[in-house]
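The structure appears right after this line, and notes come after that.
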Amino acid sequence: MKQALSILRFLSACAQRGEPAALVTLTDVTASAVRRPGEHMAIAADGSAIGSFSGGCIEAAVIAEAQEALADGAARLVRYGAGSRYIDIRLPCGGGIDLLFTPRPNPAVLAAAIATLEAREPLGLRLTRDGGIDIDAADRGTGWAAGGFHVRHDPDPRVAILGQGAEPLALLDVARAYGAGTLLLSPQEAIVAEAQARGSDAALLRVLGPSPALAIDRWTAVVALFHDHDWETGLLLQALDQRPFFIGAMGSLRTQAERRRRLAAAGGEAQAIDRIVGPIGLIHATRDPATLAISIMAQVAEAYEAFTAERAVTDRRDDGVERACDELCASSV
């Protein structure tokens, strides 16, 4: 969930103020529901909260339950909707959800979890029915296992926007509204200044070629929005070397063919160049910057969902192989 870091920070801030707060985690869903297992809310003793589990159908009841859990200091697993003891609280979708209430989560664990996500590393948490919380180093994904409920959170998506003209700022606004972090690089000083004024990281491109400001990770999407395509070749090669989860560039099919030729001539490998999506966007041939921005961000969000789902499976498989190797080595000693 994109709000995981904000929710953990909310709980940590409450702890630092000496204000009791509870972490509430969605553990199971029957039939259909608005949220998936692993989603959270954080609720302070005064009723202030962050996060949600429905369209407002049960949040008031969840806040009241959290306040009760804080008052008696006891964790609890509560069902809402179908099969709940609360017959007056129903979900419009007709389903049911189970929520695990963890009052006063360990501040040291919260700090470690926050540090992990701030370092842009995947986070695994293990929550127990008796109110325990710790870091799940084994990364078992999301679900009940090994005596607790395990949940995985990936770093929030980030969008590195490279370009000039009206399109970069339009995409910047849509990306920030979606909840993604942003980085903007442009050869136009006015665009860089405006991006910084809007609260984004931004840097001026002064020369053609790679930029030291383009430092990204696997949870970053790179979008090139240049009208002067000479700017993009070195930057795209630099981005490809860092293996972002998505990389795309603006322009027509003819522009994409020329882009591929330039990248190959500059030393790019064909397999890497194939990763560049072009023309970018789900709405083809749009010329309006705002529509293009929405079109691009929808494509980026779709790619992020697919990447994090695949990454979770890959990480668990690799971790299982590593543990098996360790056990084999230990048994042979």
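The values are calculated or read from the model by the stated rules, or taken from the named source; none is laboratory data. These figures come from a predicted structure and were not determined experimentally. Ideal geometry is used to build each Cβ from the backbone, glycine not excepted, and the neighbour counts take in all protein chains shown.
Selection over region 245-262 of residues that are in a helix (DSSP H, G or I) and buried (at least 16 other Cβ atoms within 10 Å of the Cβ) gives a count of 4. Tallying residues that are more than 14 Å from Pro157 (Cα to Cα), in contact (Cβ under 8 Å) with a residue 40 or more places away in the chain and surrounded by fewer than 21 Cβ atoms within 10 Å (Cβ to Cβ) within region 171-195 yields 2. Put simply, of Ala221, Ala215, Ala203, Ala285 the only residue that is assigned to a loop (DSSP other than H, G, I, E, B) and either touching a Lys or Arg at 6+ places or on another chain (Cβ under 6 Å) or closer than 19 Å to Thr182 by Cα (or both) is Ala215.
For the condition surrounded by fewer than 16 Cβ atoms within 10 Å (Cβ to Cβ), within 28 Å of Asp156 (Cβ to Cβ) and without any contact (Cβ under 8 Å) to a residue 40 or more places away in the chain, what is the one hit in Gln242, Gln238? Even if it seems obvious, please write down each step before you answer.
Values: Gln238 fails: surrounded by fewer than 16 Cβ atoms within 10 Å (Cβ to Cβ).
So the residue among Gln242, Gln238 that is surrounded by fewer than 16 Cβ atoms within 10 Å (Cβ to Cβ), within 28 Å of Asp156 (Cβ to Cβ) and without any contact (Cβ under 8 Å) to a residue 40 or more places away in the chain is Gln242.
Listed by first and then second residue, the pairs linking a residue in region 46-69 that is touching a residue at least 24 places away in the same chain (Cβ under 8 Å) to a residue that is surrounded by fewer than 20 Cβ atoms within 10 Å (Cβ to Cβ) and among the aromatic types (Phe, Trp, Tyr), with Cβ atoms under 8 Å apart and 6 or more places separating them unless they lie on different chains, are Ala61/Tyr86. The listed residues are Asp201, Asp288, Asp230, Asp274, and the only one of them that is under 16 Å from Gly163 (Cβ atoms) and free of Cβ contacts under 8 Å to residues at least 12 places away in the same chain turns out to be Asp288.
Assess whether Leu208 counts as being assigned by TED's automatic domain parsing to the domain that holds Tyr178 and assigned to a loop (DSSP other than H, G, I, E, B). Spell out how you get there, then give the answer.
Numbers: assigned by TED's automatic domain parsing to the domain that holds Tyr178: yes; assigned to a loop (DSSP other than H, G, I, E, B): yes.
For Leu208, the condition - assigned by TED's automatic domain parsing to the domain that holds Tyr178 and assigned to a loop (DSSP other than H, G, I, E, B) - is met.
Here is a yes/no grid of residues against (1) small (Gly, Ala, Ser); (2) modelled with pLDDT of 95 or more; (3) outside the structural domain of Ala145 (by TED's automatic domain parsing); (4) under 18 Å from the mean Cα position of the chain (by Cα):
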| position | (1), (2), (3), (4) |
| --- | --- |
| Ser12 | yes, yes, no, no |
| Gln16 | no, yes, no, no |
| Glu19 | no, yes, no, no |
| Val29 | no, no, no, no |
| Ser32 | yes, no, no, no |
| Arg35 | no, no, no, yes |
| His40 | no, yes, no, yes |
| Ala45 | yes, yes, no, no |
| Gly55 | yes, no, no, no |
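Of the residues that sit in region 91-110 and are of a type in the set (Val, Ile, Thr) and not in a helix (DSSP H, G or I), which one is modelled with the lowest pLDDT? For region 91-110, the residue satisfying everything is Ile97.
Condition first: within 25 Å of Asp156 (Cβ to Cβ) and modelled with pLDDT of 95 or more. Can you find one or more residues in region 256-265 that meet it? Working first, answer last.
So the first thing to find is which residues in region 256-265 are within 25 Å of Asp156 (Cβ to Cβ), and the list is none.
Checking region 256-265: not a single residue is within 25 Å of Asp156 (Cβ to Cβ) and modelled with pLDDT of 95 or more.
Within the option set Ala290, Ala330, Ala324, being modelled with pLDDT of 70 or more, in a helix (DSSP H, G or I) and aliphatic (A, V, I, L, M) holds for one residue only, Ala290. Just so you know, in region 14-54 the residues that are of a type in the set (D, E, K, R) and assigned to a loop (DSSP other than H, G, I, E, B) include one that is surrounded by the most Cβ atoms within 10 Å (Cβ to Cβ), and it is Glu39. Condition check for Val159 on (1) within 21 Å of Ile43 (Cα to Cα); (2) touching a helix residue (DSSP H, G or I) at 6+ places or on another chain (Cβ under 8 Å): one failure, at (1). Within region 137-149, at least one residue is at pLDDT below 95, among the charged types (D, E, K, R) and assigned by TED's automatic domain parsing to the domain that holds Arg85.
Here is a yes/no grid of residues against (1) crowded, with 23+ Cβ neighbours inside 10 Å; (2) assigned to a loop (DSSP other than H, G, I, E, B):
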site	(1), (2)
Ala112	no, no
Thr116	no, no
Arg129	no, yes
Ala137	no, yes
Arg140	no, yes
His150	no, no
Val159	yes, no
